[in-house]
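Enquirer: Here's a structure for you.
The values are calculated or read from the model by the stated rules, or taken from the named source; none is laboratory data. All of these numbers come straight from a predicted model, not from anything done at the bench. So basically every Cβ, Gly included, is an ideal-geometry build from the backbone, and we count neighbours across all protein chains shown.
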Amino acid sequence: MEHAIEHEERGARGAFHLLQGARRVGEMTYSRTNPSLVVVDHTYVDPSLRGQGVAQHLQDALVAWARDTGTKVVPLCSYVKVQFDRDPAIRDVLA
């Protein structure tokens, strides 16, 4: 099953959305606290897709974007926090 990730940011809020066709099946949201810092506050995956790596796919997009833009991340979302605790290879984007 192919998924497309879209990123949007409006004002101080942003999100990575995972789409399956035209349907949003997952999202990871954040708040921007300054031009180079975001606080990730929520991850959602449609119940029919849980356990299939959707949240990891969203986090991979977040980390790649943070690296590309020089943005640092504060993980308040419990899923994201656990993933940063488990994987030292992505901690370079932590604030």
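Enquirer: Within segment 65-84, restricting attention to residues that are among the hydrophobic types (A, V, I, L, M, F, W, C) and surrounded by 15 or more Cβ atoms within 10 Å (Cβ to Cβ), which residue is nearest to ASP41 (Cα to Cα)?
Expert: This residue is CYS77.
Enquirer: Just checking, which of VAL40, VAL25 is in contact with a Cys (Cβ under 8 Å, 6 or more places away or on another chain), β-branched (Val, Ile, Thr) and in contact (Cβ under 8 Å) with a residue 12 or more places away in the chain?
Expert: So the residue among VAL40, VAL25 that is in contact with a Cys (Cβ under 8 Å, 6 or more places away or on another chain), β-branched (Val, Ile, Thr) and in contact (Cβ under 8 Å) with a residue 12 or more places away in the chain is VAL40.
Enquirer: Related question: Can you list the strands (runs of 3 or more DSSP E) lying wholly within segment 8-83 that have 2 or more residues being at pLDDT 95 or above and among the polar types (S, T, N, Q)?
Expert: 23-34
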